[in-house]
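One structure below.
The values are calculated or read from the model by the stated rules, or taken from the named source; none is laboratory data. What you see is a predicted model; the values in this text were computed from it and never measured. Please note: Cβ atoms are built from the backbone with ideal geometry, for glycine as well, and neighbour counts cover all protein chains shown.
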Amino acid sequence: MKDLQHSADASTVEEAMAAQNYEQAIVDSEGATALAMQNTLLTPRFYTTDFDEMDAIDVSPVREDWDVLIGQMQADPNKGHFKKNEDWDHIDWEGMEPKLKAEFIDFLVSSCTAEFSGCVLYKEMKRRGNNEDIVTLFQLMARDEARHAGFINDALREAGIAVNLGFLTQKKKYTYFRPKFIYYATYLSEKIGYARYITIYRHLEANPEHRFHPIFKWFKEWCNDEFSHGEAFALLMKTDPKLTSGGNVWWIKFFLTAVYSTMYVRDHQRPAFHAALGVDPDWYAHEVFTKTSEISKQVFPITLDIDHPRWQRGLERLQKANADLAEAKQSGNIFKRIGASARAASAFISLYTIPAKQHDVPVSTRLEPAY
Ligand SMILES: [Fe+2]
Ligand SMILES: [Fe+2]
């Protein structure tokens, strides 16, 4: 186990985290780790939950689909994929335009933290569980996220940066979510992750002159992993119809609104990054929301009305309020801060109260990546 050079070749999460490229990451840069340590509404968090309740899930109602999905994940088509090869072009980090460099590093650090957050949560579930179905699934997902995080750290290392993942595991604050909130939030983050990566991948396939970094070439296989993880959470939710009906639909709407609007605000903080990709962030957001909504019909009985006139306006108001809030925090102006927070809250409420679209959920949940 000790001799494994790269997390990409690991068969288990433990092996991935003991690989040499993980150990090298411990020689870190304080700035990147500090960035990853931040806990704001907009930065990736680490989660903990009631692991016993999750361990008690009985997957028999979805057994047939479950076994197929687990079989696909065990076949492990992406083993060895997440490391540099001859397709990895040289990057002139020194020569990169400073604003683009800063935003791109921010993108990589935040992606790495998000991947690792999944890894830590899944690994913990696997460690605490006794239910063989659950333990098997979480081991497989933790393995994938460890590879993803390790690969992003490889890319960062070329820029002289690494996120100290061991330090994060020990020191970053953990947010408690009840299992059902973990399902909604994690399902959506896996599916929106798929939609984000495949949209960039397809865009760069058509416009390769905008591919300013080789990591985007890996996005297709990458997002297929996230797609499978989302499938697993869809099946977990299917085991208990209560999770996606009655009062819980309000929670689903809340998570949809929160996940979509967070993505919008965060992406608009990186104008140079999107300009380099040749992507208009408003177009990109709408594209990703459309794909995610289409996919989430597999299990959620509602989708957000993203073509409602209040939707785009609400997102823009939220984004402006957030920018003002960040500025007020910097300058220490308490009145501006209160004002901006109130505007952000009112924009969010306006988004949340747009009537949702209802539809029937199919009997069979399973999907394959289609974009
Ligand atoms: Fe991932
Ligand atoms: Fe994932």
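Tabulated results
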quantity: Matching residues in region 298-313 - criterion: being closer than 11 Å to residue 256 by Cα and free of Cβ contacts under 8 Å to residues at least 12 places away in the same chain; calculated: none
quantity: Helices (runs of 4 or more DSSP H) fully within region 202-281 counting 1 or more residues that are farther than 22 Å from residue 159 by Cα and more than 19 Å from the chain's Cα centre (by Cα); calculated: 219-238, 248-267
quantity: Selected residue (criterion: farthest from ligand 1 (Cβ to nearest atom)) from residues of region 90-102 that are under 16 Å from residue 153 (Cα atoms) and in contact with a helix residue (DSSP H, G or I) (Cβ under 7 Å, 6 or more places away or on another chain); calculated: 93
quantity: Selection status of residue 364, of a type in the set (Ser, Thr, Tyr) and over 26 Å from residue 197 (Cβ atoms); calculated: no
quantity: Unmet criterion (only one of (1) more than 17 Å from residue 229 (Cβ to Cβ); (2) touching a helix residue (DSSP H, G or I) at 6+ places or on another chain (Cβ under 9 Å)) for residue 149; calculated: (1)
quantity: Index of the failed condition, residue 367 passing every other in (1) surrounded by 17 or more Cβ atoms within 10 Å (Cβ to Cβ); (2) more than 23 Å from the chain's Cα centre (by Cα); (3) assigned to a loop (DSSP other than H, G, I, E, B); calculated: (2)
quantity: Every pair of residues 6+ apart whose Cβ atoms lie under 6 Å, when the first sits in region 177-193 and is farther than 14 Å from residue 299 by Cβ while the second is more than 16 Å from ligand 1 (Cβ to nearest atom) and among the acidic types (Asp, Glu); calculated: 179/50; 179/53
quantity: Helices (runs of 4 or more DSSP H) fully within region 1-61 counting 1 or more residues that are at pLDDT 90 or above; calculated: 13-18, 51-55
quantity: Of all residues in region 214-232 being acidic (Asp, Glu) and buried (at least 19 other Cβ atoms within 10 Å of the Cβ), the one that is farthest from residue 294 (Cα to Cα); calculated: 225
quantity: Pair list, Cβ under 6 Å, 6 or more apart: region 222-233 residue touching a residue at least 24 places away in the same chain (Cβ under 8 Å), other residue of a type in the set (D, E, K, R) and near ligand 1 (Cβ under 10 Å from one of its atoms); calculated: 225/144; 226/190; 229/190; 230/190
quantity: Those residues of region 128-177 which are among the β-branched types (Val, Ile, Thr), farther than 30 Å from residue 62 by Cα and either in a helix (DSSP H, G or I) or within 13 Å of ligand 2 (Cβ to nearest atom) (or both), in sequence order; calculated: 152, 169
quantity: The one condition in (1) more than 29 Å from residue 351 (Cα to Cα); (2) within 16 Å of ligand 1 (Cβ to nearest atom); (3) surrounded by fewer than 22 Cβ atoms within 10 Å (Cβ to Cβ) that residue 211 fails to fulfil; calculated: (2)
quantity: Condition check for residue 294: surrounded by fewer than 22 Cβ atoms within 10 Å (Cβ to Cβ), away from ligand 1 (no atom under 16 Å from the Cβ) and free of Cβ contacts under 8 Å to residues at least 24 places away in the same chain; calculated: yes
quantity: Selected residue (criterion: modelled with the highest pLDDT) from residues of region 103-125 that are more than 16 Å from ligand 2 (Cβ to nearest atom) and buried (at least 23 other Cβ atoms within 10 Å of the Cβ); calculated: 104
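Matching residues to (1) away from ligand 2 (no atom under 16 Å from the Cβ); (2) of a type outside the set (S, T, N, Q); (3) at pLDDT 95 or above; (4) under 22 Å from residue 304 (Cα atoms):
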site	(1), (2), (3), (4)
192	no, yes, yes, yes
197	no, yes, yes, yes
205	yes, yes, yes, no
219	no, yes, yes, no
232	no, yes, yes, no
238	yes, yes, yes, yes
247	yes, yes, yes, yes
250	yes, yes, yes, yes
254	yes, yes, yes, yes
